[in-house]
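In what follows, a structure is listed as structure tokens, so that the remarks can point back to it.
The values are calculated or read from the model by the stated rules, or taken from the named source; none is laboratory data. Keep in mind the model is a prediction, meaning the values are calculated, not measured. With ideal geometry, Cβ positions are generated from the backbone for all residues, glycine too; neighbour counts draw on all protein chains shown. Just so you know, the surface numbers come from the protein's heavy atoms only, side chains and all, with ligands and any DNA or RNA stripped out. Shrake-Rupley method; radii C 1.70, N 1.55, O 1.52, S 1.80 Å.
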Amino acid sequence: MTKASESQLRRALRKRRNRDRRRSAVHHAVLIIVVVFFAFPLFWMFMTSFKTPREYYSMPPRFLPQQFHLFHYRKSFAPWTIDPTQLSEGTYFIEESAGRVEPVGPNILNSFIIVGGSVALALAVGVWAAYGLSRFRFKGSKNMGFWILSTRMMPPIVIAVPIFWMMRSVQLTGTHIGLILVYVLFQLPFVVWMMKSFFDEIPPSIEESVFVDGGSRATALWRVVIPLALPGVVATALFCTFLTWTEFLFASLLTDSSSATLPVVLSNFRQDRGILWGQMSAVMVVSLLPLMTIAVVLQKKMIQGLTAGAFK
């Protein structure tokens, strides 16, 4: 190779590296913009939970509070007490005059009971249905999974009134079990559809050793198939949790003051005389913590479940 060709090759490689660096810089810039766009509302909500009303009503807006106050957290999760010192200083007069909301601790417990109960019941029923569709062939079995999923294509508002009257006729309105059953109704199509895809990736031949030893289908499912499909179970459970944790329509229709979930009680912060932005932000920050904790703890299982499909 001549010196001229070597020089041309180096220039070509240099141009390619520069082009790759510019492309990488553009990709990183776009990624940073997207992250900031989606993370900024969370940052603003977190900062608002520590601001005084005078600070989050101020113009121009203040990104950071002058001093981090826990006033809104105390008012949201502790019994309603007014500090005369703070009122005399005028620090919280705007929010105190706007109205009040009862402590939301019981509502968080209601959310845990209803969401946890519905996810557990949906998995207990849906796993069996998904396993049956995956292992048995019958007339219409190929389209059965899609037909089950198509039941979720109907807007929830269409069946809200019939479900309300059904639950009222059996006296399940205002109870945990009533909302749990409704959530199971909406979670089952997703559970069956998702779990069937995970079970399809597991060869049926693996279960033959269980049958040879005299085991039943239930034994093969719980001792062989479920452990192999555990990442899929975790991903499905998280999907159902995220789906129902923020559900508002049926929670507002089928609950009362003693069984209301977090999304319902959040709407109470909009008072006739104003919006309790500080307390609302504090409750939203706390309500996000369980989801973030679950996602972080089960992150590996969730990623394995969402990327499953290369079973060997």
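Quick notes on this structure:
- Within the set Gly140, Gly117, Gly132, the sole residue that is small (Gly, Ala, Ser), farther than 21 Å from Leu262 by Cα and surrounded by 10 or more Cβ atoms within 10 Å (Cβ to Cβ) turns out to be Gly132.
- The requirement of being more than 21 Å from the chain's Cα centre (by Cα) and buried (at least 18 other Cβ atoms within 10 Å of the Cβ) is satisfied by Ala220.
- Phe37 in a helix (DSSP H, G or I), open to solvent by 90 Å² or more (accessible area, probe 1.4 Å) and among the hydrophobic types (A, V, I, L, M, F, W, C): yes
- Leading residue by the ranking (farthest from Asn107 (Cα to Cα)) among those in the stretch 151-181 that are polar (S, T, N, Q) and free of Cβ contacts under 8 Å to residues at least 12 places away in the same chain: Ser169
- Restricting the stretch 151-176 to residues that are within 17 Å of Val115 (Cβ to Cβ) and within 21 Å of the chain's Cα centre (by Cα), the residue that is modelled with the highest pLDDT: His176
- Cβ-Cβ distances below 7 Å connect the following pairs, each with a first residue in the stretch 201-222 that is touching a residue at least 40 places away in the same chain (Cβ under 8 Å) and in the same structural domain as Ala124 (by TED's automatic domain parsing), a second residue that is in a helix (DSSP H, G or I) and open to solvent by 60 Å² or more (accessible area, probe 1.4 Å), and a separation of six or more residues or different chains: Ile202/Leu228.
- Residue match in the stretch 240-252 (condition: open to solvent by less than 20 Å² (accessible area, probe 1.4 Å), in a loop (DSSP other than H, G, I, E, B) and at pLDDT 85 or above): no
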